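Worksheet: the structure to be examined is printed underneath.
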Amino acid sequence: MTRSGRRTWLLRAAALPAAAALLLGSACTSAEEGGSDAPTGASGPGVSDEPCPNAIDKNKGCIYLGVLSDLEGGPFAVLGQSINEAQLAFWKKVNEDGGIGDYEVDIATNTKNTSYDVQKHAAAYQQVEPNVLALAMSLGTVNTQAVLDQMDTGNLVAAAGTFWSGWQFPADDKGVMLEAGYSYCTEAVIGLDWFASVHNKPAKVASVVYKGDYGGDYAAGAKKWVEANESELVAEIETAPNAIAGSQDGPVGQIIAAAPDVVVLATGPQEMAEIVAKAAQAGYKGRFLGAGPTWNGALLKTAAAPALTALYNGTAPMQGWDGPSEGVKAARDASGGKEPANWGYLAGWALSYPIKSLLEKANAEDKLNRAGVRSLVDGLEVDYKGMLPNATFGTEPDVTTQVATIAVPDAAAPLGTKTVVDGYKAPSLEKITYTEPCVRP
């Protein structure tokens, strides 16, 4: 339905008898549960016939998307800022290319800083929820889990700025989360398989992770790998951001005492660098393998740089800045040739493809409303333009197709990392049972 057609429909609806209007309202409320009876038309929160605040084409309406992210004051603020920068550039490019049908897309108006805090995230959700069609970003596993029931009730779909394994199972993500790539759980398996192929199979493994956060999922993956490969998990160490823990001296002491061949890490960048540097200073001879959120190229400008360069490798679900794919090239072009602060820019770009595909499908099927958008998640096919494997939503995950980019710190390389392997597949995923989330809250 065109914008002028919607206006005509609204005028006719206003003239309906009161009883008919009540019947129409009742039908819409029932249909808001989603599914095949989802209402048609472009309407409801986040859809306006008025142009976006910074519209390129003022004859188009506006689709408003929300952003809940760590933009200041939290352990992932630097990462969150780069993710947001990329998403702003992504949707600017979409609008320059004609938008979504009769609409452009705005994510700036309803962007809120959560400082990676559960309560702040929940409060920010309440602020943006009445105004948006969907969330372009919900950063953080436990933060998103805290509002998932409300998202379910309100038919609010979100791009998952989190790789919790539960998002990959339709029964656990309630059909409202659009994830990309692997989970933290399988990230640990892929990373350890690569490590075993390059540095020999580790007999002893330790994990250091944020308690009750993405780290729990990552630690569960490390445990699955150890069990599948007859190694020993000599330490499962839980920690917290330095704002809470004060320092990482405790985990470092446990690493030295356990003497593992490799330590897998799922913390923030500051905590990761402190652990690696202090362990090396204390004489630890093993190596470190970090999940994507542990890395920030700015660490190579700190005193931890020598230890990181010597002992650390990182994993990421999408290609690096030096990747050859169409998606990475588009991200580089959108940056205007300016190298971003960290790999979060690539994550923000890649995580935007599912929402774009969903909005395009909703527009094509005249379902630009919350229930309509949600009803189209199952079966949604997403092309990530080579940044990571394409996906179909609403199906059980096939972890054997999931891949990682393996990188090594390099101060001379873009974002401070050089790609060692692009698209690495883990043989161990063929023998690991993966029919439910690795951990649940």
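The values are calculated or read from the model by the stated rules, or taken from the named source; none is laboratory data. None of these values were measured; they are calculated from a predicted model. Cβ coordinates were reconstructed from backbone atoms using ideal geometry, including for glycine residues, and neighbour counts include every protein chain displayed. Areas reflect the complete protein model, heavy atoms only, side chains present, ligands, DNA and RNA absent. Shrake-Rupley method; radii C 1.70, N 1.55, O 1.52, S 1.80 Å.
Ordered by residue, what ³J(HN,Hα) values in Hz, to whole numbers, does segment 159-169 give under the Karplus form 6.51 cos²θ - 1.76 cosθ + 1.60, where θ = phi - 60° and Gly and Pro are x?
For segment 159-169, the Karplus curve yields 6, 8, x, 6, 10, 4, 4, x, 5, 8, 10 Hz.
Specify the inter-centroid distance of segment 157-214 and segment 267-328, based on alpha-carbon positions, in whole Å.
If you average the Cα positions of each part, the centres end up 17 Å apart.
Using the C-alpha atoms of segment 391-438, what convex hull volume per residue, in cubic angstrom, is computed? Don't skip to the end; give the middle numbers.
Values: hull volume 5.7 nm³, N = 48.
About 118 Å³ per residue, rounded to a whole number.
Label segment 304-418 by shape, choosing from rounded, prolate and oblate, from the square roots a ≥ b ≥ c of the eigenvalues of the Cα gyration tensor; if a/c is under 1.5 it is rounded, and otherwise prolate applies when a/b is larger than b/c, oblate when it is not. Could the numbers behind the result be given before it?
Details: a/c = 3.06, a/b = 1.97, b/c = 1.56.
Taking the square roots of the gyration eigenvalues as a ≥ b ≥ c, segment 304-418 is prolate.
Apply the Karplus curve 6.51 cos²θ - 1.76 cosθ + 1.60, θ = phi - 60°, to the phi angles in segment 373-381 and return the couplings in whole Hz, x for Gly and Pro.
The phi angles translate into 4, 4, 5, 9, 5, 4, x, 5, 9 Hz.
Once you place label points 7 Å from the Cα toward the Cβ at residue 401 and residue 431, how far apart are they in nm?
2.4 nm
Match the structure shown to one of the listed values [x] 69, 61, 40; [y] 78, 62, 38; [z] 81, 42, 37 of Cα extents along the principal axes in Å, computed from it, and give that label.
[z]
Tell me, what is the FRET efficiency for residue 257 and residue 440 to the nearest 0.05, using R0 = 22 angstrom and their Cβ-Cβ distance as r?
Values: r = 30 Å, r/R0 = 1.39.
Working from the Cβ atoms, E equals 0.10.
Hey, with R₀ at 35 Å, roughly what FRET efficiency would residue 392 and residue 50 work out to, going by the Cβ-Cβ distance, to 0.05? Let's see the in-between values first.
Values: r = 35 Å, r/R0 = 1.00.
Calculated value: 0.50.
Just tell me which lysines come within less than 24 Å, Cα to Cα, of residue 120; anything on the same chain fewer than 8 places away is out.
Within the straight-line limit of under 24 Å, residue 120 reaches these lysines: 112, 174, 211.
Could you give the accessible area per residue of the chain, probe 1.4 Å, as a whole number in Å²? Walk me through the numbers before you get to the answer.
On the way: 17620 Å² over 441 residues.
Each residue of the chain exposes 40 Å² on average to a 1.4 Å probe.
I'd like the distance separating the alpha-carbon centroids of segment 223-240 and segment 73-120, in whole Å.
Centre-to-centre (Cα) distance: 36 Å.
Under 10 Å, Cα contacts only: if you run a Gaussian network model on the chain, which one of 412, 307, 171 comes out with the highest mean-square fluctuation?
Answer for the Gaussian network model of the chain: 412.
For the chain, what % of the accessible area comes from carbon and sulfur atoms, probe 1.4 Å? Don't skip to the end; give the middle numbers.
Numbers: 9060 of 17620 Å².
Carbon with sulfur: 51 percent of the solvent-accessible area.
With label points built 7 Å along Cα→Cβ from the Cα atoms of residue 242 and residue 200, find their separation and express it in nm.
3.4 nm
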